[in-house]
Amino acid sequence: MSNAERNHYTRTPADWVAGCSDVGLRHTSNQDALCIAIRENDGDRTALIAVADGVSTAAGSEIASSVAVERTINVLQDRLAGGISENVAFVQAFAEANRHVLAAKVEGEPSACTLVTAHVRRASISIANVGDSRAYWVGDDGTYTLLSTDDSMAQARMMLGMSRDDA
């Protein structure tokens, strides 16, 4: 996908799941990436969704985010199909994505991104995240619910009682 194509794109692999990414207001290129994989079998629907936010102070953050989401979804598909538990599959997918992000160096410098991933099934959703990216459930009526907590030093400080501004 070219930089221009990446500035705003939408993925809708089925009428029940979709994602959108946009360049935003502060950057000239989209440093975010998303990947969605679905499976439909006799009315049973499952989705794997990964969203990564490139760290703008790191070289090649748009590469890091693309590598992270693609690798995470590929590993999750493989591990879950092989019968590995969901928790172990998330850990393995994130570790593998991290290895690939670190290998995707730009001008000799390692890239970096945050990552949030969801495994959506008929009656449940499981979330894993690293960094300051969050997962939300957006209802058909437009209401939303925060599903995850930032994995960051600022969040840890707030959980210990520090104000958001100070953290």
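The values are calculated or read from the model by the stated rules, or taken from the named source; none is laboratory data. Not measured: the values here are computed from a predicted model. Here the Cβ is made from the backbone with ideal geometry for all residues, glycine too, and neighbour counts use every protein chain on show. Heavy atoms of the whole protein, side chains included, go into the accessibility calculation; ligands, DNA and RNA do not. Shrake-Rupley method; radii C 1.70, N 1.55, O 1.52, S 1.80 Å.
Please find, among G142, G131, G60, G83, the residue that is in contact with a Lys or Arg (Cβ under 8 Å, 6 or more places away or on another chain) and at positive phi.
Numbers: G142 fails: in contact with a Lys or Arg (Cβ under 8 Å, 6 or more places away or on another chain); G131 fails: in contact with a Lys or Arg (Cβ under 8 Å, 6 or more places away or on another chain); G83 fails: in contact with a Lys or Arg (Cβ under 8 Å, 6 or more places away or on another chain).
Criteria check complete, one pass: G60.
The strands (runs of 3 or more DSSP E) found entirely in the range 86-145 that carry 3 or more residues being touching a strand residue (DSSP E or B) at 6+ places or on another chain (Cβ under 8 Å) and closer than 15 Å to S66 by Cα are 113-120.
For the range 43-85, which positions are open to solvent by 70 Å² or more (accessible area, probe 1.4 Å) and in a strand (DSSP E or B)? Explain how you work it out, then say what you get.
First pass over the range 43-85, keeping only residues open to solvent by 70 Å² or more (accessible area, probe 1.4 Å): 45, 57, 63, 70-71, 74, 77-78, 81.
Correct list: R45 only.
The residue that is least open to solvent (accessible area, probe 1.4 Å), among those in the range 20-42 that are small (G, A, S) and modelled with pLDDT under 80, is S21.
Answer yes or no as to whether S111 is of a type in the set (S, T, Y), under 24 Å from G19 (Cα atoms), buried (at least 17 other Cβ atoms within 10 Å of the Cβ) and under 12 Å from the mean Cα position of the chain (by Cα).
Answer is no for this residue.
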